[in-house]
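Some notes on the structure that comes next.
Each reported figure results from applying straightforward, stated rules to the coordinates on display, with no laboratory input. This structure is a prediction, so every number in the text was calculated from the model and none was measured. FYI the Cβ positions are ideal-geometry reconstructions off the backbone, even for glycines, and counts take in every protein chain you see.
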Amino acid sequence: MSHGTEVRAELTGGLLRDWQQRNRDATIPHVIAELRKAGNLDNLQRLADPSIGPYRGRYPFLDTDLYKTLEGLAYEADRSAGAREFFEEVVGLLEQAQADDGYLNSYFQDPDQPKQPWSDLGWGHELYNLGHLIQAAIAANRRLSDGRLLTIATRFADLVVRRFGVDGEEVVDGHPEVEMALVELYRETGNADYLTQAQLFVDRRGQGKLKHTIFPGEYFQDHVPFRELPSVTGHAVRMAYLAAGATDVYLETGDQTLLTALERLWDDMVATKLYLTGGLGSRHSDEAIGDRYELPSERAYTETCAAIATMQWAWRMFLATGKASYLDVYETVLYNAYAVGLSVDGTAFFYDNPLQRRPDHEQRSGAEDGGEPLRRAWFGCPCCPPNIVRWMSELQDHLAVARDNILYVGVYADARISTADLTVSVRTAYPWDGEIAVTVEESTAAEQAIALRIPSWAVGARLDGQPVEAGWAVVRKQFAIGDVLRLTLPMAPRAHGSHPYLDATRGAIAVARGPLVYCVEQQDVEVPVDDLLLTARAVSAAIARQQDDLLVLELTGGVAPAPANELYPVITEQTRESAIGEVPVTLVPYFRWGNRQALAMRVWLRTERDN
């Protein structure tokens with residue numbers, strides 16, 4: 001399955017549109033203010049006026065946060081306060097700062113910086129920056145019909161092709177990302193040099209082209225060639241960006257060796273390395289994925305950027321294969337590992353996203369004295385907030401695809417979706433409710449097909465009253481205006497266990513309903529969350545109840561006896577963990593935890609079992 005024909009989609013209501021409205025009203029103005037405060041614009045201005053002061057910030061890749069924000073603003077420039085003015089200001093600064101040869105990086109262009117451009121590809125992130133610049137430029141060109149950024153980006157990309165192309169230096173960047181962008185630049189311009197360059201960067205990785213410092217080659221996915229990687233590994237964001245870029249290369253070249261590797265890596269990740277929430281990355285020390293089944297709850301890293309990268313990879317794998325299972329994962333990440341990264345008011349962020357919070361936990365990198373208990377307004381390495389901005393602005397671009405006269409509706413939301421020959425409206429309260437109505441508003445072709453995704457969890461799903469299985473339910477006919485397809489996805493609460501090799505949660509229970517993972521916050525139960533005992537029977541009897549703008553789950557949990565004072569007590573055959581009482585429990589969607597007091601939280605809960 002390739003890209004397909006153009007689909008135009010607009011969110012018209014529901015949770016996803018509410019998220020986009022919050023993005024316009026709160027997150028974008030907040031991010032703009034923080035970027036100004038942090039000095040990202042000053043770093044560009046000082047290239048023309050050094051009297052502004054020294055380069056601000058610890059890292060050489062802070063321009064990228066401007067680029068990610070600009071990409072989001074390409075969608076929201078005329079709908080979010082101050083967005084257009086910021087867009088114009090930054091574009092003007094970039095035009096002024098770009099070197100004659102096309103190079104652009106405020107850190108390495110700094111006259112007081114002893115490092116030279118391209119001298120530290122492992123950590124300089126110059127090509128990573130270029131990737132985000134290209135993506136912002138293409139968004140502006142497509143959405144605003146504004147080609148100024150595209151001119152800047154192509155000049156920089158042309159420099160990269162001259163320097164690192166077929167006859168140039170055989171190098172790669174320490175942080176993959178540019179691969180995706182170069183393929184998209186090829187699609188936008190038709191210049192095959194960009195596709196070739198993306199292919200070169202994928203093929204060179206693992207060939208000893210990158211100097212490894214601080215962390216070994218595995219961190220950079222640079223210890224073996226990409227096609228030989230035994231498993232997703234190393235820095236989680238780097239891994240998923242690299243895989244997404246490799247998928248883009250496959251989509252344009254048809255290189256089957258790439259798809260074979262990608263499918264193998266994906267299947268291994270889903271089977272052994274992905275959290276229930278769709279989060280990727282279990283290690284704080286190097287923001288890495290970790291070993292198979294290394295999935296601790298309280299120390300889950302699952303960086304918000306890794307969630308976005310996983311969605312990008314999932315979407316591309318769907319385009320490459322047509323399989324609905326990739327969108328099952330996409331949707332899990334969207335509603336859980338991604339959504340949890342942003343506060344309910346849209347102005348505070350999680351960088352890492354654990355599945356458990358202990359009462360005394362403080363968020364810190366390990367370097368500072370103390371830390372904030374929950375989300376933060378900004379970070380020293382603020383890659384996640386602008387990434388949230390751009391992805392939130394583009395949610396409508398990841399609802400549907402059209403190919404071979406089939407409209408594939410893969411993500412459900414109130415929306416209007418159009419192709420050249422077909423326009424449908426989707427009405428649903430998803431993800432709170434599983435009733436979905438797809439109404440034909442325009443149809444000009446003699447025969448067409450609409451394919452609706454049936455998630456793997458939707459056992460007992462029905463389309464127009466008939467049972468349908470997981471995958472794609474396809475209706476093919478000559479549609480008339482007013483035709484309605486009615487899909488019902490059962491939303492019974494589910495109790496999830498974990499693989500016996502997954503030591504961190506072996507024997508515990510987690511609760512989900514539809515695409516949403518739920519959790520217990522201490523505010524919603526009378527006993528410590530660590531003393532709660534759940535059973536699968538209790539979960540199946542849970543009742544969904546409206547609470548403000550959410551559906552919460554209410555059930556009855558058991559209360560465990562007081563634990564022994566010993567850290568490692570002796571157990572016998574008679575030792576059991578049985579409830580000594582019952583207590584009402586309210587579970588909230590995981591993406592909404594941490595918006596009240598900084599108290600304990602759990603996704604995985606104890607269950608009655610031998611101790």
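List of remarks:
- Taken one residue at a time, the phi angles of region 548-560 give Karplus couplings (6.51, -1.76, 1.60, θ = phi - 60°) of 6, 9, 10, 9, 9, 10, 10, 8, 10, x, x, 10, 6 Hz. Gly and Pro are set to x.
- Other residues lying with their Cβ under 13 Å from the Cβ of Asn387 contribute a combined charge of -3, Lys and Arg counting +1, Asp and Glu -1.
- Taken one residue at a time, the phi angles of region 525-540 give Karplus couplings (6.51, -1.76, 1.60, θ = phi - 60°) of 8, 7, 10, x, 4, 5, 9, 6, 10, 10, 10, 4, 4, 5, 5, 5 Hz. Gly and Pro are set to x.
- Taking amide H positions as modeled 1.01 Å from N, with prolines and chain starts lacking one, no residue 5 or more places away or on another chain lies under 5 Å from Trp432.
- Difference of contour (0.36 nm per residue) and Cα-Cα distance, Arg358 to Arg537: 61.8 nm
- Above-threshold pairs, the threshold being 24 Å between Cα atoms, out of Lys68/Lys273; Lys323/Lys477; Lys68/Lys209; Lys37/Lys211: Lys68/Lys273; Lys68/Lys209; Lys37/Lys211
- Relative contact order for region 128-178: 43 percent, from Cα pairs under 8 Å spaced at least 6 residues apart, divided by residue count.
- Counting 0.36 nm for each residue step from Asp549 to Arg596 and taking away their Cα separation leaves a gain of 15.4 nm.
- Nearest-0.05 FRET efficiency for Glu95 and Glu442, computed from C-beta distance (R0 56 Å): 0.85
- Take the Cα of Arg142, go 7 Å toward its beta carbon, and the backbone nitrogen atoms of region 179-208 under 13 Å from that spot belong to 181-189.
- Where a label projected 7 Å from the Cα of Val484 along Cα→Cβ would reach, residues of region 391-423 with amide N under 16 Å: 414-415
- Surrounding net charge for Phe349, when Lys and Arg each add one and Asp and Glu each subtract one, Cβ distance under 9 Å: +2
- Residues of region 126-145 with amide N under 15 Å of the 7 Å Cα→Cβ point at Thr189: 130-142
- Once the Cα-Cα distance is subtracted from the 0.36 nm per residue extended length, the Val171 to Asp267 segment shows a gain of 31.6 nm.
- The dipole here belongs to the chain: it is taken about the Cα centre, uses +1 on the Cβ of Lys and Arg and -1 on the Cβ of Asp and Glu, and is about 800 debye.
- Lys211-Tyr59 FRET efficiency (beta carbon distance; Förster radius 25 Å; 0.05 resolution): 0.85
- Projecting the Cα atoms of Ile52, Ala74, Val90 onto the dipole axis of region 39-90, where Lys and Arg carry +1 and Asp and Glu carry -1 at the beta carbon, places Ile52 farthest toward the positive end.
- Sum of side-chain charges, Ala74 neighbourhood, beta-carbon under 9 Å (Lys, Arg +1; Asp, Glu -1): 0
- Cα-projected label distance for Asp18 with Glu526, points at 7 Å along beta-carbon direction, nm: 3.0
- Around the Cα centre of region 272-373, unit charges on the Cβ atoms of Lys, Arg, Asp and Glu (plus for the first two, minus for the last two) sum to a dipole of about 520 debye.
- If R0 equals 41 Å, the separation of the Cβ atoms of Asp503 and Thr257 corresponds to a calculated FRET efficiency of about 0.70.
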